[in-house]
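Remarks on the structure that follows.
Each reported figure results from applying straightforward, stated rules to the coordinates on display, with no laboratory input. Note that this is a predicted model, so its numbers are computed, not measured. As a convention, Cβ positions derive from the backbone with ideal geometry for all residues, glycine included, and neighbour counts pool all protein chains shown.
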């Protein structure tokens, strides 16, 4: 079993207060974030997503918005899940609770997300073309159609987390 909390095993992305977004690598330059001269910026569009997840067109593809609250988020590829740290005493405790939380979650209705491959998870306020760094995580995904579902779970008395699970339902 992978021990997620070992140094460097999990990369967390944080937001300055708005939603996080997973943008396909192929269309990163088309995500303008809060920049732009339009009436409604890309960031504004992301903020309009109601609920835990939503999809937005970006270039000739679609991005996944992780809405609801600006929780620190990591992707665990073995579980195919974005984990959102809502409350918890430690990273070890939070991550140890993920398998049980996934099994016991009451999932919201699933949406379908067509993914051309690798995506970048980052604060929706940032432009996609900015260089990668500590403010984003690269998530390697196989091209195809994914089922995406979300849940909020309390696996312990002081531990709350959001889950966004993605599963490949039709490879390309």
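Worth a mention:
- Percentage of interatomic Cα-Cα distances in the chain larger than 21 Å: 44 percent
- FRET efficiency, residue 11 to residue 44 (Cβ-Cβ, R0 41 Å, nearest 0.05): 0.90
- Multiplying the residue separation of residue 103 and residue 89 by 0.36 nm and subtracting their alpha-carbon distance yields 2.9 nm.
- Highest-first arrangement of 86-92, 28-34, 16-22, where packing means the average Cβ count within 10 Å: 16-22, 28-34, 86-92
- Cα gyration tensor category, rounded, prolate or oblate, for the range 85-168 with a/c compared to 1.5: oblate
- Ranking of 35, 50 by count of other Cβ atoms within 10 Å, fewest first: 50, 35
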